[in-house]
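Working notes, structure below.
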Amino acid sequence: MRLFKTRSLAAEACKKGKVLIQGQAVKPSRMVSVGDVVQIKRAPVLFSFKVLALAQNRMNAKLVPDFMQNITTPDQLQLLEMIKLDKTAYRERGTGRPTKKERRDLDSFVDETPYFLDDEDDWDFDD
């Protein structure tokens with residue numbers, strides 16, 4: 001059903017126990033029937049797909065929605081979104097120190113002086 005880019009990747013995932021059918025780990029040669037629920041573990045998300053029909057030949061990726069339905073639970077999809085958001089704030093290891101421009105941008109964003117302490121003359125507590 002083209003859940004993996006290549007057959008070798010699919011077979012490797014089956015051997016590692018990352019592909020489940022009806023909750024049971026399967027071998028690469030396992031036959032799939034209509035109505036089966038195929039689950040794929042891609043840490044930490046568990047994707048679920050329901051088989052709607054079977055194809056006789058290898059198919060174009062655009063035709064896949066006619067043969068399977070994505071039934072992944074909303075909490076798993078929300079977990080995936082949280083991971084994507086977390087990765088955007090992460091600086092890749094090995095990218096080195098920030099450049100001067102990046103450092104200036106960080107300094108202007110994180111100003112150490114709070115705005116209410118800028119004008120100390122305006123605060124007169126003796127009155």
### Message
Name the single residue that is surrounded by the fewest Cβ atoms within 10 Å (Cβ to Cβ) among those in region 22-47 being over 25 Å from residue 81 (Cα atoms) and among the aliphatic types (A, V, I, L, M).
### Response
31
### Task
State whether the residues of region 82-92 include one that is touching a residue at least 24 places away in the same chain (Cβ under 8 Å) and within 14 Å of residue 2 (Cβ to Cβ).
no
### Message
Suppose we filter region 48-89 for residues that are surrounded by fewer than 10 Cβ atoms within 10 Å (Cβ to Cβ) and not in a helix (DSSP H, G or I); how many remain?
### Response
6
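Can you say whether residue 17 is assigned to a loop (DSSP other than H, G, I, E, B), modelled with pLDDT of 90 or more and under 24 Å from the mean Cα position of the chain (by Cα), as far as the supplied structure shows? Reasoning before the result, please.
Values: assigned to a loop (DSSP other than H, G, I, E, B): yes; modelled with pLDDT of 90 or more: yes; under 24 Å from the mean Cα position of the chain (by Cα): yes.
When the stated conditions are applied, residue 17 passes them.
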### Query
When the residues of region 4-21 are filtered to those that are within 21 Å of residue 50 (Cβ to Cβ) and β-branched (Val, Ile, Thr), which remaining residue is surrounded by the most Cβ atoms within 10 Å (Cβ to Cβ)?
19
### Task
Please name all residue pairs, on different chains or six or more residues apart, with Cβ atoms under 8 Å, provided the first residue is in region 20-39 and is among the charged types (D, E, K, R) and the second residue is assigned to a loop (DSSP other than H, G, I, E, B) and surrounded by 10 or more Cβ atoms within 10 Å (Cβ to Cβ).
36/22
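The values are calculated or read from the model by the stated rules, or taken from the named source; none is laboratory data. The structure displayed is predicted, hence computed values, not measured ones. Ideal geometry is used to build each Cβ from the backbone, glycine not excepted, and the neighbour counts take in all protein chains shown.
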